[in-house]
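The values are calculated or read from the model by the stated rules, or taken from the named source; none is laboratory data. From a predicted model like this one, the values you see are computed outputs, not experimental measurements.
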Amino acid sequence: MKSIKSSSLLNVSVLIALFSIFLGVLYAGTNPVFGANAYAFGTASVQLNDGHIRVLKSQSISLCNSSFDPAAGVLKATMAHSCPLTVDSREAEELMRKFDRVRADTLLNVTKTDINGRYQFDHLPPGTYCIVAVYTETLGQVIDHKYWARRISVKSRQVISCDLDNKNFNGHFLSIKEK
């Protein structure tokens with residue numbers, strides 16, 4: 001009787017092992033560790049005027065396809081200036097609407113940063129993408145708009161780090177609050 005139980009347990013163990021291997025093969029196509037997919041990660045922060053670093057918690061980070069054009073709309077208007085462009089609140093709203101339209105047309109995925117400002121996009125097929133974010137800060141009567149449009153290219157199984165901070169934002173502009 002014991003030999004029958006032992007062989008039954010052995011058969012069950014073999015079946016479980018074979019099933020696990022089968023699932024692993026199926027899962028391999030979508031798993032960045034086993035498959036051809038890659039992932040991108042980074043942190044988002046800004047240095048404030050007083051020198052302190054603000055970690056961007058719960059910040060929306062967008063992943064756009066390669067046709068996202070950093071020179072379109074708001075980006076083109078503000079990248080032409082070496083110092084921030086200053087606009088009134090109506091112009092600021094129009095610039096942000098243009099930016100949102102460009103982003104919406106190319107949007108693939110959106111994530112939020114965690115409490116430490118970290119974000120991650122998993123399961124990226126090899127290709128070129130643009131990581132896009134906007135940060136708005138109110139400084140008295142002035143609103144400071146910063147944005148990033150960081151182009152990345154990932155290869156099969158590659159891990160890409162792309163931090164967003166004051167050193168690499170693509171542009172920014174200032175607007176004045178309406179009284």
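Residues considered: Ser82, Ser58, Ser67. Of these, the only one that is part of a loop (DSSP other than H, G, I, E, B) and either at pLDDT 90 or above or within 14 Å of the chain's Cα centre (by Cα) (or both) is Ser58. Suppose the filter is modelled with pLDDT under 85 and either under 23 Å from Ala38 (Cα atoms) or part of a loop (DSSP other than H, G, I, E, B) (or both); does Asp122 pass it? So Asp122 does not fit the description; no.
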